[in-house]
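Taking it in order: structure first as structure tokens, then the write-up.
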Amino acid sequence: MATGPRPVAGLLLAAGGGSRLGGRPKALLPFRGRPLVEHGLRLLRDGGCAEVVVVLGAAADQVLADADLGAARVVRNTEWETGMGSSLRAGLAALPEDASAAVVALVDMPGAGGAAVARLVEEHLVRGAELAAASYDGRRGHPVLFASRWWRDIAAEAQGDAGARGFLAAHAASLRLVECGDVAEAYDVDTPEDLGRLC
């Protein structure tokens with residue numbers, strides 16, 4: 001009996017406390033009238049991710065109370081203050097076993113929409129990419145796709161705020177850059193001034 005391709009999962013890292021935003025958790029920043037975390041989940045779903053895992057940390061209880069996370073699988077990272085690496089490890093461990101790859105998105109990059117995610121999913125499912133990243137004018141950015149066979153290696157190297165940076169640098173020759181500058185924006189929300197871009 002023939003089977004279809006294995007699904008691609010989504011992983012949203014949304015645990016940060018927003019220290020440069022006066023301690024306002026990024027997941028709860030307002031974006032188009034709703035918490036920013038909802039937008040992050042939507043772009044992963046719109047891009048074709050079959051199941052989405054969201055990692056919460058700072059103000060997790062408030063996020064769960066204020067945001068509609070739908071059917072997303074929620075993971076609490078109690079070590080979120082140590083940096084993005086701990087959230088990436090927690091999220092990778094929670095991904096569905098039947099997924100062939102995962103698209104990792106950051107909650108503080110609302111400019112990366114579903115179209116960028118869809119291009120990464122297509123690069124994996126159609127052209128067999130095992131490592132792919134959205135690029136903007138040829139420069140690597142987010143989101144990033146990792147085939148499942150790499151998850152354990154990435155988790156082993158994810159420390160502090162570096163996330164998967166070291167892994168991507170070590171595997172640069174295998175990383176496919178997928179231009180997304182025509183459908184997405186590569187800005188993130190780190191300072192109070194950046195909040196002006198959210199609308």
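Points worth noting:
- Of the residues making up segment 74-83, those that are touching a helix residue (DSSP H, G or I) at 6+ places or on another chain (Cβ under 8 Å) and not in a helix (DSSP H, G or I) are V74, V75, R76, N77, E79.
- Of all residues in segment 103-119, exactly one satisfies the criterion of being aliphatic (A, V, I, L, M), part of a loop (DSSP other than H, G, I, E, B) and more than 13 Å from K26 (Cα to Cα), namely A112.
- Set side by side, the residues A133, A162 differ, and just one is surrounded by 15 or more Cβ atoms within 10 Å (Cβ to Cβ), in a loop (DSSP other than H, G, I, E, B) and on the phi < 0 side of the Ramachandran plot, which is A162.
- Hey, A173 under 18 Å from M84 (Cα atoms) and not in a strand (DSSP E or B) or not: no
- None of A65, A99, A71 is among the small types (G, A, S), outside any helix (DSSP H, G or I) and without any contact (Cβ under 8 Å) to a residue 60 or more places away in the chain except A71.
- Selection count, segment 142-154, where residues are touching a helix residue (DSSP H, G or I) at 6+ places or on another chain (Cβ under 9 Å) and either closer than 25 Å to G114 by Cα or aromatic (F, W, Y) (or both): 9
- R42 being in a helix (DSSP H, G or I), surrounded by fewer than 18 Cβ atoms within 10 Å (Cβ to Cβ), in contact (Cβ under 8 Å) with a residue 12 or more places away in the chain and out of contact with any helix residue (DSSP H, G or I) (no Cβ under 9 Å at 6 or more places or on another chain): no
- Residues of segment 83-131 that are over 12 Å from the mean Cα position of the chain (by Cα) and either among the aromatic types (F, W, Y) or within 24 Å of G160 (Cβ to Cβ) (or both): G83, G85, S86, R89, A90, A93, A94, L95, L131.
Values quoted throughout were computed directly from the atomic coordinates according to the rules given, and no laboratory measurement underlies them. All of these numbers come straight from a predicted model, not from anything done at the bench. Please note: Cβ atoms are built from the backbone with ideal geometry, for glycine as well, and neighbour counts cover all protein chains shown.
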